[in-house]
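Following: one structure in structure tokens, then a few remarks.
The values are calculated or read from the model by the stated rules, or taken from the named source; none is laboratory data. Here the structure is a predicted model, which means the values were calculated and not measured. For neighbour counting, all protein chains shown are included, and Cβ atoms are generated from backbone atoms with ideal geometry for every residue, glycine included.
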Amino acid sequence: MFDWLKRLTALAVLVSVAACGGGDDHPPGTVVQVAQGDARFSILAEAVVAADLGATLSAAGPYTVFAPTNDAFAALLTELGVTKAQLLADKPLLTAVLQYHVLAARVLRADVPLGQAVTPLAGGIFKVDAAGADLVITDGRNRTARIVQTDVPASNGVIHAVDKVLLPADKTIVQTAIANPSFSILVEAVVAANLVDTLSGDGPFTVFAPTDAAFADLLAELGITKDALLADTALLTEVLTYHVVPGRVLKAGVPVGTPIATVQGDTFTVNGSLAITDQRARVANIAATDVLASNGVIHVIDKVILPAP
């Protein structure tokens, strides 16, 4: 009787070990196989097949995939006003969107570069910020997605689940400003100074963008009308290019206390409170940061800054 109990106990242990995976007997599959095996990612798996990305994402990699759930895809269909069949049939769009979710490296949660530009396979950028215990992605269209699960292992990378499908940027700096009613005078000024083509170019550029209220304050400060300002092309060009910095400088990368060179040629400084001091010792506050565009980034400021007289 005692021997029988010992054999039964040993058998139970073996069954338990097998049920737990037996250690490394069943390593995870590729990122594609992991997605195909998880019911939450069934639409993503369909999309990968429709875009002919299965072979790419089954290669050695490594890759990091920010994987939208089925609920995320359902929300995207509503947002775009299309059916799933229509989305899966649009191979160029589907390929661009899916590659925007993939990094050509294994990036675990602990290694995500917070606040910095992240460049996916599709090109363009997005960024990831900490929001309490959560990680939140801002995509190229300034939409936000929450990372709902991190560090799902795969043989050729890692998967992070997200609750919204990310979309690459579809507007330049100029188009982004046009779409924001707070920048109507800035847009008029850019047009009057013949800077539309420049700021619609590849860049990238960083624009410290004054609001309409900031321009109204400037007009009162200078004692001129808006028409008079817009007619003075030389002054307007000098002032506007003083608000533009070459390169894409996100909030996390703004050099504090160091002179920042502008396209105009003069510099300004930014302190730890995100206040700008211009060449005339006037102070402007950065009211909002990291508005992403296809050719750079916009930071909103509450005063028009001025170069040296």
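Among what's in segment 218-255 and is in contact with a strand residue (DSSP E or B) (Cβ under 6 Å, 6 or more places away or on another chain) and not in a loop (DSSP other than H, G, I, E, B), pick the residue that is surrounded by the fewest Cβ atoms within 10 Å (Cβ to Cβ). Looking at the filtered set, the residue picked out is LYS251.
Note on segment 45-85: residues that are in contact (Cβ under 8 Å) with a residue 40 or more places away in the chain, part of a helix (DSSP H, G or I) and over 14 Å from VAL31 (Cβ atoms) total 8. A single member of PRO62, PRO120, PRO68 is within 17 Å of ASP170 (Cα to Cα), at pLDDT 95 or above and either within 21 Å of the chain's Cα centre (by Cα) or surrounded by 13 or more Cβ atoms within 10 Å (Cβ to Cβ) (or both), and it is PRO120. Considering segment 181-205, and only residues there that are outside any helix (DSSP H, G or I) and either touching a strand residue (DSSP E or B) at 6+ places or on another chain (Cβ under 9 Å) or of a type in the set (Val, Ile, Thr) (or both), the residue that is modelled with the lowest pLDDT turns out to be GLY203. Summed over segment 197-211, the residues that are surrounded by 14 or more Cβ atoms within 10 Å (Cβ to Cβ) and either in contact with a helix residue (DSSP H, G or I) (Cβ under 8 Å, 6 or more places away or on another chain) or charged (D, E, K, R) (or both) give a count of 8. Of all residues assigned to segment 151-168, none qualifies as being in contact with a Ser or Thr (Cβ under 9 Å, 6 or more places away or on another chain), part of a helix (DSSP H, G or I) and over 20 Å from GLN264 (Cα atoms). The residues in segment 261-283 that are assigned to a strand (DSSP E or B), surrounded by 17 or more Cβ atoms within 10 Å (Cβ to Cβ) and touching a Phe, Trp or Tyr at 6+ places or on another chain (Cβ under 8 Å) can be counted, and the count is 2. Kindly check whether there is at least one residue in segment 148-162 that is at pLDDT 95 or above, within 26 Å of HIS299 (Cα to Cα) and not hydroxyl-bearing (Ser, Thr, Tyr). Looking for residues that are at pLDDT 95 or above, within 26 Å of HIS299 (Cα to Cα) and not hydroxyl-bearing (Ser, Thr, Tyr), one finds none in segment 148-162, hence no.
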